[in-house]
Amino acid sequence: MALAKYLGRKLAWTIVVFFVALILNFLLPRLIPGNPVDAIVGQIAAGGGAGGEQLQKIHEHYMQEFGLDKPLWEQFLIYVGHVLRGNFGTSFGSYPASVNHLVGQALPWTIAIQLPAIIVGWVIGNVLGALAAFKGGWLDRGAFVGSLFFSSVPPFAFAIILLFVVAVKAGVLPVGGAYSFGLSPELSLTFFGDAITYFWLPFWSLVLVFIGGQAVGMRSMAVYELGTDYVNYNRGLGVRDGITVRYIFRNAMLPQFTGLGLAIAGLITGGLITELVFSYPGLGTLLFNAIGQNDYPVIQAITLLITVAVLLANFTVDVLTGFIDPRIRAAQSGER
Amino acid sequence: MSLRGLSPRFWVAAGIVAFVVLVGVLGPLILRTDPDTTVGGLYDKPQCCGKLLLGTDNEGQSVLINLVYGTRTSLIVGLIAGLIATAIGLFVGLVSGYRGGWIDDVLSAITNVGLAIPAIVVIILVSVSLPKRNIYTLAVVIGLTAWFWVARSVRAQSSSVREREHIDVAKLSGAGFWSILARDVLPYLLSYVVMAAVLQISSAILFESTLSLLGLGPGDATSLGTMLYWAIAWGSVRTGAWWAFVPPTLMLTLIVFGLLLLQSSLNEVFNPRLRRGRAARRRMVTQVTEPETVGAAGLLTGTEPR
């Protein structure tokens with residue numbers, strides 16, 4: 001059963017990488033000289049607002065939560081235990097709010113922007129790339145240079161310009177945030193209609209960049225396929241172009257599909273910064289605030305979430321590839 | 001590589017890159033002013049000639065002076081990080097591909113794990129933990145997390161060169177391991193390594209600005225990313241102070257676009273099959289064609305055309 005073996009290997013691989021990421025996530029912030037809890041409590045004290053007794057309590061709370069008085073391996077076990085139970089601890093910055101609460105508020109916004117952007121961008125980008133490669137001429141030149149430009153513009157740079165031109169200068173769409181002042185997130189038509197106007201700008205600034213990257217990749221794959229023997233042979237036989245294109249598309253698609261898993265890490269990273277530009281209340285903005293406050297638990301939770309999202313995306317792509325690619329079903333293949 | 005074979009695209013790219021390098025190298029020499037000097041008020045409008053050509057930023061510093069110093073910082077970070085990443089990737093890839101055996105297994109496993117974990121995650125975690133951030137620590141951190149792609153593709157190529165006959169000849173004539181690597185394997189990969197280095201540089205510049213935007217920029221120098229960070233933090237986009245954010249945005253775009261264009265035109269020079277209108281040539285060992293993940297989003301994964 002080649003497919004089952006393939007899937008099993010991919011799953012095992014994903015779990016191994018997850019644990020390496022977990023170790024990095026645990027270890028790297030602990031390499032700071034000194035004790036992070038002392039540093040953070042010092043900061044709270046410097047900002048005033050908390051009395052000596054309260055500080056003592058906060059300090060004890062964190063020492064106990066991280067087990068900082070215990071040896072490193074025991075701390076790691078505590079950390080893994082917390083993470084596997086889905087408990088990311090208490091925020092430094094907005095004590096005593098739990099990290100789960102903060103992340104839980106931000107996550108839906110990020111997903112609402114990124115998931116549709118990835119899917120729409122991938123589909124349009126690949127169709128555009130294949131068309132450009134096959135039609136050639138002006139369409140190719142225009143689409144290629146355009147895509148290359150969009151894909152080469154740093155995602156946030158494009159977002160900044162878009163925000164300035166469309167929202168600030170033209171005033172067509174709202175400038176920032178996710179919904180109008182006075183509304184609160186709820187499942188109603190009014191709220192949705194309001195939130196969607198805030199949604200368009202960050203969404204399009206992500207999608208256009210992603211379309212560009214995908215189109216460039218698809219074009220070069222399709223150009224390569226166009227030069228292969230089977231295409232020449234088809235042409236020699238007088239097979240209709242439409243049929244040949246289907247073969248080209250299918251062959252060029254597979255690497256693009258695998259590439260999707262890789263592109264997702266970049267897209268998520270770019271998306272976080274895009275949120276910042278539009279002050280969209282997602283993970284990017286949360287991460288930004290957490291970094292400003294040295295809020296390690298929140299930072300760690302977000303970096304872990306990014307890792308998990310990327311790993312999940314890659315695993316999903318691997319699984320789907322296993323079903324789509326006949327070579328995997330036919331024989332045992334794969335690089336890892 | 002003759003000059004005749006270079007496409008117009010190459011010359012456009014070379015022009016853009018040359019322009020940016022000139023701004024970054026000559027700008028600070030000509031203006032000779034500390035970017036931290038206050039020359040005006042909050043967001044003064046651009047006015048003709050001199051330090052106020054691009055107005056002032058939120059601290060009353062000249063945007064023009066910050067821009068040239070920022071360009072220099074970004075170029076330095078890009079260059080150092082790109083070279084570190086390319087060097088490590090090349091070394092690991094060569095050794096693991098040519099040596100094979102358990103060394104290959106270990107190095108490949110490390111490379112694959114490194115590829116699977118998003119680079120930005122590691123960079124954020126390390127940057128947050130660094131007691132002091134300057135442009136060199138940032139460059140080193142970016143360089144140390146970005147070499148995995150280079151290693152992987154160099155490995156694929158060097159392991160296929162290994163099977164070639166001239167390697168046997170070199171072995172028979174008594175050449176040592178390192179000598180074979182440097183003189184019989186490396187030349188086959190050089191064109192790829194040059195392209196990888198170009199991509200690594202632009203990806204490092206992008207990583208630096210991303211980090212700066214998140215508030216993890218260098219503490220001791222102005223970079224294009226820190227300029228944007230302040231511009232956004234002080235609401236220059238909302239208030240319409242375009243001179244504070246358009247110049248660094250454009251400059252970053254120019255750098256990244258120029259380098260990507262350079263890479264893709266070099267790719268056409270080295271890899272004739274990508275050129276249109278030519279019949280497909282025999283597949284050469286050094287040219288492994290797989291999808292090209294071009295683009296800024298691709299850069300943020302540290303992705304290379306493999």
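Pairing residues of region A:60-77 that are farther than 18 Å from A:L22 by Cβ and of a type outside the set (S, T, N, Q) with residues that are in a helix (DSSP H, G or I) and at pLDDT below 75, at Cβ distances under 8 Å and at least 6 apart in sequence or on separate chains, gives A:Y62/A:V37; A:Y62/A:I40; A:Y62/A:V41; A:M63/A:V37; A:L68/A:V37; A:L68/A:Y62; A:D69/A:M63. For region A:237-292, a residue qualifies if it is away from chain B (no Cβ under 14 Å), farther than 15 Å from A:M218 by Cβ and charged (D, E, K, R), and the qualifying residues are A:R240, A:D241. Take the residues in region A:237-295 that are of a type in the set (S, T, Y) and open to solvent by less than 40 Å² (accessible area, probe 1.4 Å), then tell me which one is farthest from A:A313 (Cα to Cα). Taking the candidates together, the pick is A:T244.
Mind telling me which of the residues A:G81, A:G86 ends up being surrounded by fewer than 14 Cβ atoms within 10 Å (Cβ to Cβ), assigned to a loop (DSSP other than H, G, I, E, B) and free of Cβ contacts under 8 Å to residues at least 24 places away in the same chain?
Going through A:G81, A:G86 in turn, the sole match is A:G86.
Mind listing whichever residues of region B:75-110 are open to solvent by 30 Å² or more (accessible area, probe 1.4 Å) and of a type in the set (G, A, S)? Passing the criteria: B:A87, B:G101, B:A109. Can you tell me which condition A:V239 does not meet? The list is (1) hydrophobic (A, V, I, L, M, F, W, C); (2) within 14 Å of the chain's Cα centre (by Cα); (3) more than 30 Å from A:S205 (Cβ to Cβ), and all the others hold. Tallying (1) hydrophobic (A, V, I, L, M, F, W, C); (2) within 14 Å of the chain's Cα centre (by Cα); (3) more than 30 Å from A:S205 (Cβ to Cβ), A:V239 fails exactly one: (2).
Of the residues screened, A:F191 is not one that is open to solvent by 10 Å² or more (accessible area, probe 1.4 Å) and within 25 Å of the chain's Cα centre (by Cα). Tell me, yes or no, whether region A:312-322 has at least one residue that is in the same structural domain as A:S220 (by TED's automatic domain parsing), aliphatic (A, V, I, L, M) and open to solvent by 50 Å² or more (accessible area, probe 1.4 Å). The answer is yes; a qualifying residue exists. Summed over region B:104-136, residues that are more than 9 Å from every other protein chain (Cβ to nearest Cβ) and either over 17 Å from B:W147 (Cβ atoms) or modelled with pLDDT under 85 (or both) total 6. Taking the criterion of being hydrophobic (A, V, I, L, M, F, W, C) and facing chain B (nearest Cβ under 8 Å), the residues of region A:119-149 that qualify are A:L148, A:F149. Scanning region B:166-196 for residues that are surrounded by 11 or more Cβ atoms within 10 Å (Cβ to Cβ) and hydroxyl-bearing (S, T, Y) returns B:S179, B:Y188, B:S191, B:Y192.
Looking at A:I299, A:I291, A:I264, just one residue is part of a helix (DSSP H, G or I), in the same structural domain as A:A117 (by TED's automatic domain parsing), farther than 30 Å from A:A4 by Cα and in contact (Cβ under 8 Å) with a residue 60 or more places away in the chain, and that residue is A:I299. Of (1) of a type in the set (A, V, I, L, M, F, W, C); (2) closer than 25 Å to B:I205 by Cα; (3) modelled with pLDDT of 85 or more, A:I111 satisfies all except one. Which? Result: A:I111 fails condition (2) only. Here B:G217 passes the criteria (1) in the same structural domain as B:G143 (by TED's automatic domain parsing); (2) modelled with pLDDT under 85; (3) part of a helix (DSSP H, G or I) except the one numbered (3). State whether one or more residues within region B:47-66 are open to solvent by 30 Å² or more (accessible area, probe 1.4 Å), modelled with pLDDT under 90 and on the phi > 0 side of the Ramachandran plot. Yes, some residue in region B:47-66 is open to solvent by 30 Å² or more (accessible area, probe 1.4 Å), modelled with pLDDT under 90 and on the phi > 0 side of the Ramachandran plot. One residue is enough: does region A:217-232 have a residue meeting the conditions surrounded by fewer than 17 Cβ atoms within 10 Å (Cβ to Cβ) and not in a helix (DSSP H, G or I)? Scanning region A:217-232 turns up at least one residue that is surrounded by fewer than 17 Cβ atoms within 10 Å (Cβ to Cβ) and not in a helix (DSSP H, G or I). Taken together, B:M227, B:M284, B:M251 contain a single residue that is away from chain A (no Cβ under 11 Å), assigned to a helix (DSSP H, G or I) and either open to solvent by 20 Å² or more (accessible area, probe 1.4 Å) or modelled with pLDDT of 80 or more (or both), which is B:M227. The lone criterion from (1) surrounded by 15 or more Cβ atoms within 10 Å (Cβ to Cβ); (2) out of contact with any Leu (no Cβ under 7 Å at 6 or more places or on another chain); (3) modelled with pLDDT of 75 or more left unmet by A:N25 is number (2).
The values are calculated or read from the model by the stated rules, or taken from the named source; none is laboratory data. Worth saying up front: this structure is predicted, and the values here are computed from it rather than measured. Every residue, glycine among them, receives a Cβ derived from its backbone with ideal geometry; neighbour counts consider all protein chains shown. All accessible areas refer to the heavy atoms of the entire protein, side chains included, with ligands and DNA or RNA removed. Shrake-Rupley method; radii C 1.70, N 1.55, O 1.52, S 1.80 Å.
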